[in-house]
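Beneath this line is the structure, given in structure tokens, with notes to follow.
The values are calculated or read from the model by the stated rules, or taken from the named source; none is laboratory data. Note that the structure is predicted; figures quoted are calculated from it, not measured. Here the Cβ is made from the backbone with ideal geometry for all residues, glycine too, and neighbour counts use every protein chain on show. Surface areas here come from the heavy atoms of the whole protein model, side chains and all, with no ligands, DNA or RNA. Shrake-Rupley method; radii C 1.70, N 1.55, O 1.52, S 1.80 Å.
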Amino acid sequence: AGAVRLRGVSKRYPGGTLALDGVDLSVQPGEFVCLVGASGCGKSTLLNLVAGLDAPTAGEIDVEGGRAAFMFQEPALFPWLKVGQNVEVPLKLRGVSRAERRAQALDLLATVRLRDVADKRPHELSGGMRQRVALARTLAQDAPVLLMDEPFAALDAMTRDALHDELERVWLERKLSVLFVTHNVREAVRLGDRIILLASRPGRVIQEFVVDQPRPRR
Ligand code: ADP
Ligand code: ADP
């Protein structure tokens, strides 16, 4: 099975660019896979296809439970909503009752150690804190698969290191399957059980590496 599975996936954009060419790739349940490659090699395209935001030209894509949550480089929080209300948005979309939403949002904020800023506005927080709120909001979708497109690329190195620890903890606790895109090899080595290298022209898997990660105890 696999949490995410791509078979012979190709994507040609209108205009002719072949962004992906026959990609075979899988993420096992509970696995953390990093997708690495130079700018323009098709990483974002691949993630968008897995998320169902765009359709492949050829090939098949299966996602466990048919659902994946997507987290981007920009936290894209709603500035007019308080932090807690931002986390409540996916809960509302999932039909969680008004009474339940507040409690669940606070629990999710506690997961990223930000329960005490629930009533602040996003602009009152640091960049790292905003990205942790975005992670809580992504978790609120309650999807087994997490897709991340360079989520920490805009942060300074120290904040990024802290977010790596945070994400690793959340991933272990919630037994998520993660497909994490980055052009930062150091970041991939820090996080991934497996690193998949995508070649530039045309977008193809050229190499896979298994990383023997020293993980914190579960
Ligand atoms: P990466 O995320 O690895 O930088 P992308 O998936 O963004 O790569 O892009 C892969 C290739 O597809 C690039 O040549 C890019 O210019 C092209 N591309 C990406 N999005 C589009 C689009 N919407 N329309 C046309 N070409 C695109
Ligand atoms: P980050 O590592 O997320 O960038 P900072 O280094 O800015 O966070 O802040 C470290 C901690 O200080 C935060 O986790 C938070 O508990 C607290 N903190 C920082 N700024 C604020 C703020 N504006 N309101 C409330 N707490 C804050």
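A few remarks follow.
- Computed log₁₀ I(q)/I(0) - Debye formula, equal Cα scatterers, no solvent, the stretch 63-103, q 0.20, 0.27, 0.32 Å⁻¹: -0.76, -1.00, -1.08
- Cα centroid of the stretch 56-115 to Cα centroid of the stretch 119-155, whole Å: 9
- Listed by chain and number, the lysines whose alpha-carbon sits under 25 Å from that of Lys175, ignoring those within fewer than 8 places in the same chain, are Lys43, Lys92.
- Here the stretch 80-155 is described by how far its Cα atoms reach on the three principal axes: 35, 29, 21 Å, from widest to narrowest.
- Rounded to the nearest 20, the Cβ-based charge dipole of the chain about its Cα centre (Lys and Arg +1, Asp and Glu -1) stands at 420 debye.
- Diagonalising the gyration tensor over the Cα atoms of the chain and scaling each eigenvalue by 5 before taking the square root yields semi-axes of 30, 19, 17 Å, largest first.
- Taking the protein heavy atoms of the chain in the context of the full set of protein chains, the accessible area attributed to carbon and sulfur is 50 percent at 1.4 Å.
- For the stretch 1-114, with +1 on Lys and Arg beta carbons and -1 on Asp and Glu, the positive-most of Ser44, Gly2, Val27 along the dipole: Ser44
- The chain: relative contact order in percent, alpha carbon pairs under 8 Å with at least 6 residues between: 30
- The charge dipole of the stretch 1-78, taken about its Cα centre with unit charges on the Cβ of Lys, Arg, Asp and Glu (plus for the first two, minus for the last two), comes to roughly 120 debye.
- Cα lying deepest toward the dipole's positive end in the stretch 153-218, options Leu172, Ile206, Ala157, charges on Cβ: Ile206
- For the stretch 78-161, a simple Cβ point-charge model (Lys and Arg +1, Asp and Glu -1, everything else neutral) yields a dipole of about 340 debye relative to the Cα centre.
- Whole-number accessible area per residue in Å² for the chain, which is evaluated in the context of all protein chains at 1.4 Å: 49
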